[in-house]
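Only the coordinates and a few stated rules stand behind these numbers; no lab work does. Everything quoted here is computed from the prediction, not taken from an experiment. Heads up, the Cβs are rebuilt from the backbone with ideal geometry, glycines too, and the neighbour counts pull from every protein chain shown.
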Amino acid sequence: MRLSLPSLLAYASSLALLGISIPMVTPILASDTDNPDTCQTVKPALLNSADDFIGMGHFQEDCEKNSLAAVASFTQAIRLNPKAEEPYYHRANAYQNAGNYQAAVVDYTEVIRQNTGKLGFSSGAYWNRARAYERLGKKQKAISDLTQLIGVDSRNADQYLFRGNMYRDIGNKERAIADYQVAEKLLQQYLSGSFGNGFQDSRYQEMLEKVRSVLSQLN
């Protein structure tokens, strides 16, 4: 099971946010260190079960770079197990990679409908649906998804940065500044080691400098 979490270090695919890379959907798996062109995703030997078709979909995306073929495989997995959220989530990611953002929204919505908590795939679904809404120009809906994702006490700077951008884009300067300030504080904590050494990454320093620049412009 591959769960997408909205963290800067968790994905390979990215979009520009504040002039730096912010993740969008599940990454292609890292390949063999001796041969970086070798895809490590295993192609299923047989296609009998929903899991087989999910595996095939991942192989088609990761190794063949064919998102439309992956959509077809995930669709077959859904037919075999329509009550499972996982194939909907992966099909949504494939739709997103193929540029079909409206179809992606539909599938992410189904994932959220099946699992309204923050377990399973719903957290990644909120994040990726917000990205799809952004691409569709529905920034208020993106804000709603990010607000749901942030909840009461999120420690994810990416979420505040993204929502801050959406508030800025719709002209809500006050709320944009508030989100950027929270992101600034979290990034400082990342770099100081408050959440462990895994967050002491040069990209977070770059993010912090960008956030401070944006705050300076807004103030």
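How high is the FRET efficiency between Arg203 and Leu80 when r is their beta carbon distance and R₀ equals 35 Å, given to the nearest 0.05? Each step should come with its number before you reach the end.
Values: r = 40 Å, r/R0 = 1.14.
Calculated transfer efficiency: 0.30.
For the range 83-164, with only Lys/Arg (+1) and Asp/Glu (-1) charged at the beta-carbon, what is the dipole magnitude about the Cα centre, in debye rounded to 20?
Values: 12 positive and 8 negative charges, 41 e Å.
The calculation lands at about 200 debye.
At 0.36 nm per residue, and after removing the present C-alpha to C-alpha distance, how many nm does the segment from Arg212 to Ser192 gain when stretched out fully? Intermediate values should be presented prior to the final figure.
Working: separation 20, 0.36 × 20 = 7.20 nm, distance 1.67 nm.
So the extension gain works out to 5.5 nm.
In the range 39-105, which GluC sites (Glu not before Pro) are in a loop and have at most 15 other Cβ atoms within 10 Å, using DSSP for the loop call? If you can, show how the numbers build up before the last one.
Values: sites: Glu61, Glu64, Glu85; in loops: Glu64.
Passing sites in the range 39-105 are Glu64.
Too long at a 22 Å Cα-Cα cut-off: which of Lys139/Lys185; Lys65/Lys138; Lys138/Lys173? Intermediate results must be reported in sequence, preceding the final value.
Numbers: Lys139/Lys185 24 Å; Lys65/Lys138 28 Å; Lys138/Lys173 18 Å.
Over 22 Å Cα-Cα: Lys139/Lys185; Lys65/Lys138.
Extension gain Leu47-Ile170, at 0.36 nm per residue separation less the Cα-Cα distance, in nm? Walk me through the intermediate numbers first.
Working: separation 123, 0.36 × 123 = 44.28 nm, distance 4.69 nm.
Length gained between Leu47 and Ile170: 39.6 nm.
Take peptides 103-112, 131-140, 160-169 and line them up by average Cβ neighbours within 10 Å, highest first, as a rough protection proxy. Write down the numbers at each step before the final one.
Values: 103-112: 22.4, 131-140: 18.5, 160-169: 24.0.
Packing proxy ranking, top to bottom: 160-169, 103-112, 131-140.
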